[in-house]
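Okay, here's the structure, questions in a sec.
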Amino acid sequence: MAEFQEVLKQSALHPKPAGLCLQYGTAGFRTNAKQLDHIMFRMGMLATLRSKKTQATIGVMVTASHNPEEDNGVKLVDPMGEMLTPAWEDYATQLANAEQDDLARAVKEVIQKEAIDMSREANVFVGKDTRSSSPALSQAVIDGVSALGGHTPLHGLVSEHKGECAMYLLLNASNRTDDQKHLCVDGANGIGALKVREMEHHLQKGLQISLFNDGSKGKLNHQCGADFVKVQQKPPADIEINPGERCCSFDGDADRIVYYYTDSDGRFHLLDGDKIATLISTFLKELLTQAGLDLNIAVVQTAYANGSSTLYLENTMKVIVKCTKTGVKHLHHEAQKFDIGVYFEANGHGTVLFSQAAVEKIQQLAEDANSDDTKKRAALLLQSTVNVINQTVGDAISDMLLIEAILAVRGMTVQQWDAMYTDLPNRQLKVKVSDRRVIDTTDAERRAVSPAGLQDAIDSLVKKYRQARSFVRPSGTEDVVRVYAEAETQESADALAHEVSLAVYRLAGGVGDEPKPLQ
Ligand SMILES: CC(=O)N[C@H]1[C@@H](OP(=O)(O)O)O[C@H](CO)[C@@H](O)[C@@H]1O
Ligand SMILES: [Mg+2]
């Protein structure tokens with residue numbers, strides 16, 4: 001076939017380093033940008049096959065999100081904005097790891113298994129973030145698409161943002177004081193900063209943004225951004241924030257957001273994904289009651305959710321809470337089972353899903369001339385929420401607009417929001433091991449089933465501390481084992497995280513120096 005001549009010719013320009021083996025993980029392929037050229041080419045081909053199969057446009061996103069600027073990554077996005085199905089993730093891994101002279105065969109195998117009609121048209125949308133490696137790598141994707149005869153009608157910088165801006169109206173109509181209107185935004189020197197600059201002037205009446213880390217000098221995600229703020233539990237390095245001032249940080253590709261402020265004693269308060277989910281679900285639940293709509297609402301979290309948030313949601317707010325494995329695709333899938341599914345990872349990656357039935361009921365009520373004012377207002381607010389929230393993948397900018405609108409509508413300060421519940425002190429650490437796959441987990445990653453003895457060791461360490469919980473899992477985006485611990489005090493959380501790290505180091509083949517206690 002003509003296509004395969006082209007595959008062979010083109011792929012020789014994007015050769016695979018012999019022996020290199022990478023896995024399609026939590027967020028696609030992600031590693032040092034230098035190792036990714038052949039992966040990009042091959043994912044361009046796979047996206048073309050997927051497009052021919054589904055007869056729809058497939059997205060390929062070149063980004064490594066919150067990871068350092070030297071890294072990059074790639075993930076495929078299905079027609080409705082969803083992540084790839086497991087069978088296609090396997091194809092991705094097979095294509096990525098096929099040696100150079102075996103590539104044509106690997107491609108043919110996918111075509112046969114999926115019975116793809118190669119005469120069909122294929123369209124692939126290639127998006128990239130602002131990393132220095134992204135232009136060349138996205139070109140490699142485009143080469144892969146053309147090698148199989150696909151088209152790339154659109155490509156360019158994207159932030160995974162496509163929410164409508166119904167919230168502009170709401171925000172501009174609110175009567176907040178100038179202080180309350182002010183928001184510091186840390187753009188992590190990434191794509192989110194560019195988007196904020198674009199929309200700033202539409203918002204001036206309702207939201208006054210001071211933008212930091214706008215990409216004009218600093219490095220992407222370096223000492224700033226949502227991941228830095230969440231994991232380090234402190235503000236971005238070079239931002240001066242006044243006590244009480246409301247701030248938020250995006251990550252490099254603007255699909256995560258966390259809020260924070262420092263109080264008059266200089267203490268840092270983080271409002272992470274769990275607090276965001278709590279704010280949004282509380283707001284939506286109130287509106288459902290006011291609207292008299294009988295729709296179920298659930299919050300989906302992962303094991304990283306702070307224990308206090310889970311207790312508050314279950315016992316005080318009385319919403320359904322579900323726990324899934326790490327990775328938005330798992331949360332997304334679970335959230336789809338409800339009329340309204342609010343899902344957020346603790347790191348600030350998340351969104352709200354409304355079922356078709358829910359959207360229709362809300363719309364009916366909003367258009368119903370006979371409903372009273374309270375009901376109508378509630379229905380309209382629900383409708384604005386549906387419109388602003390990007391229902392396909394997390395989007396920091398629509399999340400920010402929604403959060404700002406909720407605070408404005410409820411007349412709520414960041415301090416009042418923070419006081420909904422108090423986080424248990426917690427700590428996240430990383431441990432290097434020779435092969436992180438020796439750790440196998442169960443129960444939504446909350447328990448380790450291998451290596452032998454590790455879970456028992458964690459259980460007995462946890463018993464030493466009050467209100468304590470800890471778990472370990474292999475990262476899907478970095479070559480490390482992640483350790484999480486929470487407890488009644490920061491000292492306990494730190495000590496527990498360190499002790500569990502040592503157990504991992506000893507029982508799961510730690511490499512390098514033994515983990516040291518936190519200072
Ligand atoms: C603890 C943590 O924050 N893990 C992150 C991180 O995955 P790991 O598999 O833990 O490396 O990156 C994922 C992709 O962005 C994100 O979905 C996930 O929540
Ligand atoms: Mg991201």
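Every number in this text was worked out from the coordinates using simple rules, so none of it is lab data. Treat the numbers as computed from the prediction; the structure is a model and nothing was measured. Here Cβ is always computed from backbone atoms with ideal geometry, including for glycine, and neighbour counts include all displayed protein chains.
What are the residues whose amide H is under 5 Å from the amide H of F212, where those residues sit 5 or more places off or on another chain and H is modelled from the backbone?
V185, D186, G187
A further question follows. How much FRET efficiency would the formula 1/(1 + (r/R0)^6) give for T177 and T489, where r is the Cβ-Cβ distance and R0 is 41 Å, rounded to 0.05?
With a Förster radius of 41 Å, E is 0.65.
May I pose another question? Grab the DSSP H runs of the chain that are 4 residues or longer, score each as -39,500 (n - 2.57), total them, divide by all residues and round the 222 nm result to the nearest 500 deg cm²/dmol.
Roughly -12000 deg cm²/dmol at 222 nm, from the helical runs in the chain.
Cut-off under 24 Å on the C-alpha distance; same-chain residues fewer than 8 positions from K108 excluded. Which lysines are left, in chain and number order?
Cα-Cα hits under 24 Å: K9, K16, K52, K53, K75.
Within the stretch 420-503, report the trypsin sites (Lys or Arg not before Pro) that DSSP leaves as loop and that have at most 11 other Cβ atoms within 10 Å.
Those that pass, being in a loop and sparsely packed, are K463, R466.
Something else: By count of other Cβ within 10 Å, fewest leading, how are Y421, Y259 ordered?
By the 10 Å Cβ count, ascending: Y421, Y259.
How large is the Kirkwood hydrodynamic radius of the chain, counting all unique pairs of alpha carbons, in Å?
With all distinct Cα pairs of the chain included, I get 24.1 Å.
At a Cα cut-off below 17 Å, give the lysines reachable from K318, other chains included and same-chain residues fewer than 8 away excluded.
K275, K285
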